1. Taking the alpha-carbon distance from B:K161 and a cut-off under 19 Å, which lysines remain once sequence neighbours fewer than 8 residues away in the same chain are dropped?
2. Using +1 at the C-beta of Lys and Arg and -1 at the C-beta of Asp and Glu, which of A:G318, A:V271, A:V294 has the Cα lying farthest in the positive direction of the dipole of segment A:211-458?
3. Each label point is 7 Å from the Cα along the Cα-to-Cβ direction; what then is the distance between the points at A:L190 and A:L148, in nm?
4. From zero outward in steps of 5 Å, how is the percent of C-alpha pairs of segment A:211-458 spread across the bins?
5. Straight-line reach from B:K60: which lysines fall under 30 Å, measuring Cα to Cα and dropping same-chain residues less than 8 apart?
6. So how strong a dipole does segment A:3-158 carry about its Cα centre when Lys and Arg Cβ are +1 and Asp and Glu Cβ are -1, to the nearest 20 debye?
7. Can you compute the FRET efficiency between A:I401 and A:W157 using 1/(1 + (r/R0)^6), with r the Cβ-Cβ distance and R0 = 56 Å? Round to the nearest 0.05.
8. When only Cα pairs under 8 Å and 6 or more residues apart are kept, what is the percent relative contact order across chain A?
Amino acid sequence: MDLSTLVLVLIAVTVASYYGGVMRSQALAGPLGGIKHLAALPSYYGFMAVIWTVVPALILLLIWTFTESSVIANMVIALMPPEAANLGEGELSLLYSRVGNVASGIMEMDTLGEAYRPAVERLVELDSFTAHFKPLLVITLAVTGALLALKMASAKWNVRYPVERTFNILLFLSSGIAVLSTAGIIFSVLFESIRFFQQIPLFNFLFGTEWSPQIAIRADQVGASGAFGVVPLLVGTLLISAIAMLVAVPTGLMSAIYLAEYASKKTRDIVKPLLEILAGIPTIVYGFFAAITVAPAIRRAGESIGLEVASESALAAGLVMGVMIIPFVSSLSDDVITAVPQSMRDGSYGLGATQSETIRKVIFPAALPGIVGGVLLAISRAIGETMIVVMAAGSVANLSINPLEAVTTVTVQIVTLLVGDQEFDNAKTLAAFALGLILFLITLGLNFMALHIVKKYREQYD
Amino acid sequence: MLGINKMAGENRTQESAEPLAPVNVPGPETINENYETVGSPLVDNPLVKCRNVNVHYGEKQAIFNVNIDIAKNEVIAMIGPSGCGKSTFLRCINRMNDTIDICRVKGDIELEGQDIYNRSVDAVELRARVGIVFQKPNPFPKSIYENVAYGPRIHGLVNRKSDLDDIVENSLKRAGLWDEVKDDLDSSGTGLSGGQQQRLCIARTIAVSPDIILMDEPCSALDPIATARIEQLIADLSKNYTIAIVTHSMQQAARVSSRTAYFHLGKLIEVGETEVIFTRPLHSLTEAYITGRFG
Ligand SMILES: Nc1ncnc2c1ncn2[C@@H]1O[C@H](COP(=O)(O)OP(=O)(O)OP(=O)(O)O)[C@@H](O)[C@H]1O
Ligand SMILES: [Mg+2]
């Protein structure tokens, strides 16, 4: 029985146990004169049975699946001839996989030698044992659990508590997964970065103004020691983000004000979804657009007035990124503007203020903290944006704040560093992690600030 | 307080022998479209003159053919069961209803002889002359000073900071809030207590020196002590201002107003001297309401 059949059977047993639990509770309630005499509602009895069915069976299945290979390997290796015990780790695992191949019939016995026959036979035996017994045991456990739950059910025992508790634990575990994976990512980036900083001093990295991560791949290469100064990348990132924000903040904000305060309901119903479509376009499409349409257009326009424009310019990437972020800014701002209570508007109109005075002097200041929070979130998106800049901004690490030149960003460099074959402990590869760490710290800081501001703003009207 | 019960008209008893509304069936149909207000809705030399005012929210009519005058420097109270259209009518007087998309106002409302719904009249200027105080205090999330200075600033009433300071101080004094806040004018208006906030809103309204102040249940969110202060304030303000106040409290109407108007299901049933309304009402519906039989 393979895993998918096993899962299907388990689901069937689970569903059956739910209805079994419900029916059992009704049977219990019958003689007492109705469901109201039960300690909990019938569905809770159902869930109780489900828990008893699923939890032990799943735990067994997980433990078995995760330990099976190493347990079997140990048992098989124990039966190998003594010379195997002297092998190193790598060679031993190679040998073990050959034993495996023989056991599954891909290779002939003679390729290994007769001395390995007991090991091979043991492996065949163990494999067939687990293949048969694992599903059997799991299903038996599931059914036993279900029956046990049905037997334990009583009218007096309030099953709601254990059921709610189990759900609680389940929810906690789910949130734990998110937190743990975040922590995992942070630590792996952190550790790799530490390895990077063992080769390249932190100071050189943070304050170096030259970025050319070409280092000797072979020991006999000369002259390419690499420079890992992050300043040009940060400047490039900030330049492009700044251009993007120059586009996105005014446009997004004004469209939010229009939508929230001036637009009729009909206009709003049409424009808002359209703006949101803008947010749904994949960034690679924006990248295309930037590289193929906007960048050449800027170049042509620049040349026609005698400016020298690189074919990949910060301006093109920034403009398109700005357009991408417009819906982000406008929908966040729209939310905070509409959240300003109607009574504020009434108060202002009641004093004889016009609509634009009301917006400028009451609504906007009241919404400002929320808007600032939204803008900070938008900036952190701009900084982390990759695809558009990869396609449109170029990868030359110019230290320049001229928007008509090609610049490169942190994200672009991460992509460039990790594309291609390198050794993993090479400073060039490790540099990607250090860049990732920097990016992470910047966006974390921005998000933290944004959330803090937004939260403070929330408290104001309560 | 009186309970809120629109259907309670059915509880009316036989004994009120008022012929204007047939006994036992005082539903909206008994007071038809052409119902004429009893009592004395009109006055000589009115400051505000309302004729044939009808208000619709979309398809739904909220005010039916209301005729009423408001005299200069009087305090007129508007009472009636919940949902009878008091707020709607009050908001007609400074065109606050313009801010509600679906609301349409028909009829004539004149302020000192000028039709306020005329195209040539700017609602923004009108609202500077006819201020409004809402049920729920709604100070801006700005400092106390800025709250009061808001109106004078947008209307360009002052050029010098010292003039503005004077207006702020005067308004706060007249609203009876000055002594409590004079030392922290820079702290936020939203940080005050409910009663203080309401007085701040009144100060804010006075600061633009309106002719008329509309008040929509200004005390309903306040405790008795704060209410008493506001009532005292209304009495003081009535020397200089014309005040129209909506209230659910009969006692309050009796205490602060000189005339009282009783609304019922969008119609103006009766208007008269407050004393008369509360002692010898002409209409059976008015009597039923003020004696607490419904509403
Ligand atoms: N913005 C609105 N949109 C639609 N209908 C409204 C609106 N405001 C009020 N109405 C309707 O108009 C009628 C009168 O409402 P109004 O608020 O004037 O009553 P009210 O006498 O002030 O009541 P209350 O004493 O409860 O404040 C009600 O039936 C109400 O449903
Ligand atoms: Mg009202």
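1. A:K361, B:K142, B:K173, B:K182
2. A:V271
3. Placing both labels 7 Å beyond Cα along the Cβ direction yields 4.0 nm.
4. 1, 6, 12, 14, 15, 13, 11, 9, 7, 4, 3, 2, 1, 1, 0, 0, 0
5. A:K265, A:K266, A:K272, B:K6, B:K49, B:K86, B:K106, B:K136, B:K267
6. Working: 8 positive and 10 negative charges, 290 e Å.
The dipole of segment A:3-158 has a size of about 1400 debye.
7. Details: r = 72 Å, r/R0 = 1.29.
About 0.20, to the nearest 0.05.
8. 16
No lab work stands behind these numbers, since they all come straight from the coordinates. Treat the numbers as computed from the prediction; the structure is a model and nothing was measured. Positions of Cβ are backbone-derived with ideal geometry, glycine not excepted, and every protein chain shown enters the neighbour counts.
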